[in-house]
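Heads up: the structure comes next, in structure tokens.
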Amino acid sequence: MILPVSKTVPKQVPEKSSVAAIAPAELEAPDLLDILAIWNEKRAGRLMPARGDVLPGPMGRRLRNVSLLSVLDGDYEFRIIGDTHVQAYGARHQGKRLSEVIAMAPGFGDALKKSVDIVVRKRIPIAYRGAIGRDVGDARFIWLETMFLPLGSTDDAVDHVMTASVYVPRDGIWPSSPTII
């Protein structure tokens, strides 16, 4: 994994989190820029590529940074969870619905749902970057850069949302094993 070189990565855990929406073109992490380039290439002038256009083959080594949610009637299901996400959150939610994650971890789940809802409703990619502070007590990372990309077999509706992220672990290393929730 290539960690991003960003002026916004804190040297120590800040007291308060500071995460902001950015344009996907403003991403700095090389793996995310590669994923965005693949997504753009595979959409070939459409609003979004289909799932089969980008996963799994074209992502290659970048699959570790990717998670995939299926769009269900009023909910979402985690279909793929990359190892980077498991390290960052200490959980493997594959096969779970987002509503289940919200019940287990309301703050994280609600924030994730808001982002996924935006992508599904507007059919556009979105991205965020920022520092995660002590106000998120159980966070395993101090910085993230993440994007949400719509996927659909037609431009009329999003049927999957692909997330891709990079994280900087607290204390410079990941805990030895995730808690599987």
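In table form, for the structure just shown:
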read-out: Computed label-point distance, nm, for sites Ala20 and Arg64 using a 7 Å Cα→Cβ extension; value: 3.0 nm
read-out: Dimensionless Rg over Rh [region 18-172; C-alpha; Kirkwood]; value: 0.94
read-out: Loop-located GluC sites (Glu not before Pro) in region 1-92 whose Cβ has at most 15 other Cβ within 10 Å (DSSP); value: Glu15
read-out: Qualifying trypsin sites (Lys or Arg not before Pro) for region 1-78 [loop in DSSP, other Cβ within 10 Å: at most 15]; value: Lys7, Lys11, Lys16, Arg46
read-out: Net length gained if the chain between Asp156 and Lys122 were fully extended (0.36 nm per residue, minus Cα distance); value: 11.2 nm
read-out: Principal axis dimensions, largest first and in whole angstrom, of region 92-145 by Cα; value: 32, 24, 17
read-out: Nearest-0.05 FRET efficiency for Ile173 and Asn40, computed from C-beta distance (R0 35 Å); value: 0.55
read-out: Acute angle (nearest 10 degrees) that the helix 30-43 long axis makes with the longest principal axis of the chain, alpha-carbon atoms; value: 10 degrees
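Since every read-out is calculated from the coordinates, none of them should be taken as a lab result. No experiment lies behind these values; they were computed from the predicted model shown. A quick note on method: Cβ atoms are made from the backbone with ideal geometry, for glycine too, and the neighbour counts reach across all protein chains shown.
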